[in-house]
Amino acid sequence: MRRIISILMENEAGALSRIVGLFSQRGYNIDSLTVAPTDDESLSRLTLTTEGDEGTIEQITKQLNKLVEVVKLVDLTEGAHLERELMLIKLKAVGAQRAELKRTTDIFRGQIVDVTSTLYTIQLAGTSDKLDAFVEAVNGVPIVEVVRSGVSGLGRGDKVLSL
Amino acid sequence: MELLSGADILIRSLADEGVDVIFGYPGGAALHIYDALYRQKAVEHILVRHEQAATHMADGYARVTGRVGTVLVTSGPGATNTITGIATAYMDSIPMVVISGQVQSHLIGGDAFQETDMVGVSRPIVKHSFLVKKAEDIALTIKKAFYIARTGRPGPVVVDVPKDITNPANLFEYRYPSSVKMRSYTPVLRGHAGQIKKATEEILNAKRPIIYAGGGVVQGNASELLRDLVHSLGCPVTSTLMGLGCIDSADKQYLGMLGMHGTYEANNAMHNADLILAVGARFDDRVTNDPEKFCPGARIIHIDIDPASISKTVRADIPIVGPVEQVLTDMIEAVKQLNIVPDKTAQDAWWKTIEEWREIDCLAIKPTESPLMRPQQVVEMLSKVTNGDAIVTSDVGQHQMFAALYYKYNRPRQWINSGGLGTMGFGLPAAMGAKMAFPDANVVCVTGEGSIQMNIQELSTCKQYNLPIKIININNQALGMVKQWQDLHYEKRHSHSYMDSLPDFIKLAEAYGHVGIRVDRYEDLEAAMIECFSMKDKLVFMDIYVDPNEHVYPMQVAGGTIKDMVLSKAEGS
Ligand SMILES: Cc1ncc(C[n+]2csc(CCOP(=O)(O)OP(=O)(O)O)c2C)c(N)n1
Ligand SMILES: [Mg+2]
């Protein structure tokens, strides 16, 4: 099962390598990873997605919690949550395809953020599924380049991950 | 406030932390620190002959005392030489702080002379590590390092110190913090009261209960409490390799060690139990055999300080996360409070079955055709001559299992071995660390001719610091444990498990300034051992030649249940 684990950690050199190292050391997968400082300068927020059965996820969260630099963590997939991923995708856009691409982008509430005579660069935010669906929808249009941010997210409503 | 250099701050911090001895080896990046050591008396430094041995000495010191073992080395090769020792301590949850010199801050990352990314190299085998950035941080970092190493589930901590911040030319205010708090590190202090009550009820209502005690009982200083609980419940108890001594081996309720080379009665009692109380043990693969087939009829209660140890390999029905000492205290209280009378008939029947298993007498030394001395006899004799009272360290191999099975341990912290990592070369330096801590105790290293050669250079350190330990080299002229597996699983193809051209260990011991005694016949063993232990102020190296074809039994059959085991060579082949 796919899980989104969000971690509040000390904003210190080496903290990230410890977390990433834990995954490779213990044979767990990281499918995506994003990390950035928070409003509190001393803390970073890291969000990763991983796959595993219940036992594996339990071990992953327990082992992560043991890392000295991990302050708190939450498995967002355990409850209602928001998740967002950003994608920039550069597509070959010539002739009739230009109008078609524009329409599809509108439907997905994306934006064309850069244009050349033969290319569109489209920006899209949403769940990973939505981004996948967009790539599916433009099937046939040659993709020149894709960059995705990895998932970040937080719990819905009152649920917060903070000190 | 006092003004001190970074190097002096480091050593003063150690002294203020209560460190009385540090095991180490100097080099370029650590020279300022070594100069600071020279200027003081509070911290004694033991100069080893190889940095790996320094870590095992600190480890041995930590295991016998329960205090944090401390190591000081230089950067690069000095630091990398500690890796095996750090990994050994990590696997057995031993509190240790390793301070490594590092190249100057501005050179880091530039492949400078003797530069190694110590924090990176050690990362998977430490509880935590620090690269100190400025001299002002040294005192607090040392405080944190010892706090982390010692609390919760103990483990090794690395502190990497760049040379420039120890520069004697720069002075800083020194104040050693009296306590430390870290928002991201908060070890559990109490087990859940509701869980403890529920667990106690289940234990009291069980028909075939057993207590499975591990190294956490020793580490958590809970052996007395465990004994109290065992006696108040009247149930059987078994111990892991790491837990030996937490129960007196003479205790009637004690079934001996369990697991791969465990006793018939211990493994059978586990398999047939309806309730297992695991205390500070981690269901290691050397205990469970195939975890899928592990103790099918048992409810499992698991007490551990580390939540990640619970339900890792075997699912616990009642998990209790907390310090063993506190949880057992509350459990003993709960036994008194709860008005539950255990089912006497069931308990009697349970003990009757156990006694039948016991009667098999799986550790009896079975006669063979060979006239040669048996390794088991050596350990039995050692136990007799030392009254079962020595501190025994071991290396890794057949001799380790014989030392575990045939010595009669009576107290915690008496049996010291590398259980988790299985590090050959551990025994001698660990014995030295133990002897440093308890100069008046008999300290014995039971080893093999393979293992002893992995840190034999420390005989020189023993001479320098006058450490009169006793070395019992069970010489089977082979990497016996490897050979045993080759006998059993590789049709006796002894690929590189023979030791050709063994040194003359007697001359070797003498060359280092010690005494050597060789024994070939069992008839001579007792007198020779008595002589060995009569030389109180001498290191004696006993080179004891034994049957090279002996196997360790009992032995589990791989892939089976915990109780699927072979009891003798005849049965095994
Ligand atoms: C550093 C290290 N290398 C290799 C091994 C694998 N190993 C386990 S037991 C053993 C043989 C040990 O021989 P010896 O010390 O003579 O003990 P014996 O089994 O003969 O009693 C070996 C090679 C190990 N445990 N540690
Ligand atoms: Mg041998």
* Determine the gain in length on full extension of the stretch B:HIS106-B:SER568; use 0.36 nm per residue of separation and subtract their C-alpha separation, reporting nm with one decimal. => 160.1 nm
* **Cα-projected label distance for B:HIS496 with A:SER17, points at 7 Å along beta-carbon direction, nm** => 3.1
* To do: For each of B:THR263, A:THR127, B:THR561, count neighbouring Cβ atoms within 10 Å of the residue's Cβ, then give the residues from fewest to most.
  => A:THR127, B:THR561, B:THR263
* Under 20 Å from the A:ILE107 label point (7 Å along Cα→beta-carbon), backbone N, region A:119-145 -> A:120-144
* What is the distance in Å between the Cα centres of region B:395-438 and region A:112-151? -> 62
* Structure fact -> Computed from the beta carbon distance with a Förster radius of 41 Å, FRET efficiency for B:GLU523 and B:LYS252 to the nearest 0.05 stands at 0.75
* To do: Take B:VAL188, project a point 7 Å from its Cα along the Cβ direction, then tell me which residues of region B:283-308 have their backbone nitrogen under 16 Å from it.
  => B:283, B:300-308
* **Hydrodynamic radius of region B:425-569 per Kirkwood, over alpha carbon pairs, in Å** => 16.6
* In nm², what is the average projected area of the convex hull enclosing the Cα atoms of the protein assembly as shown? -> 39.1
* To do: Rounding to the nearest 20 debye, state how big the charge dipole of chain B is about its Cα centre with +1 on each Lys and Arg Cβ and -1 on each Asp and Glu Cβ.
  => 1100
* Structure fact -> Here the relative contact order (percent) of chain B, from C-alpha pairs under 8 Å and at least 6 apart, is 14
* By how many nm would the segment from A:ALA36 to A:VAL115 grow when fully extended, if each residue of separation counts as 0.36 nm and the alpha-carbon distance is taken off? -> 25.5 nm
* Distance in nm between pseudo-label sites at B:SER460 and A:LYS72 (7 Å out along the Cβ direction from Cα) -> 5.5
* Amide H within-cut-off set for A:ASN11, under 5 Å, with H built and near neighbours excluded -> A:LEU43, A:SER44
* Please identify the helices of chain A, taking whole runs of DSSP H, that span at least 27 Å along their own axis as judged from the Cα atoms and have a mean Kyte-Doolittle score of -0.5 or higher. => none
* **Separation in nanometres of the label points that stand 7 Å from Cα toward Cβ, at B:ASP537 and B:THR368** => 4.1
* Structure fact -> Residues whose modelled amide H sits under 5 Å from the amide H of B:THR393, counting only those 5 or more places away in sequence or on another chain, are B:ILE416, B:VAL444, B:CYS445, B:VAL446
* Starting at the first residue of region B:53-64, write each ³J(HN,Hα) from the Karplus equation 6.51 cos²θ - 1.76 cosθ + 1.60 with θ = phi - 60°, in whole Hz, x for Gly and Pro. => 5, 4, 5, 5, 5, 4, 5, x, 4, 5, 5, 7
* Enter the per residue convex hull volume of region A:2-79, computed from alpha-carbon coordinates, in Å³ rounded to the nearest integer. => 83
* Structure fact -> Reduced to Cα centres, the span from region B:301-364 to region B:505-573 in Å works out to 34
* If each residue's Cβ is checked for other Cβ atoms within 10 Å, how do A:PHE23, B:PHE426 rank with the fewest at the top? -> A:PHE23, B:PHE426
* Can you give me the relative contact order of region B:2-174 as a percent, contacts being Cα pairs under 8 Å and 6 or more apart? -> 30
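We did not get these values from a lab; they are worked out from the coordinates using the rules stated. Since this is a predicted model, take the numbers as computed values, not measurements. As a convention, Cβ positions derive from the backbone with ideal geometry for all residues, glycine included, and neighbour counts pool all protein chains shown.
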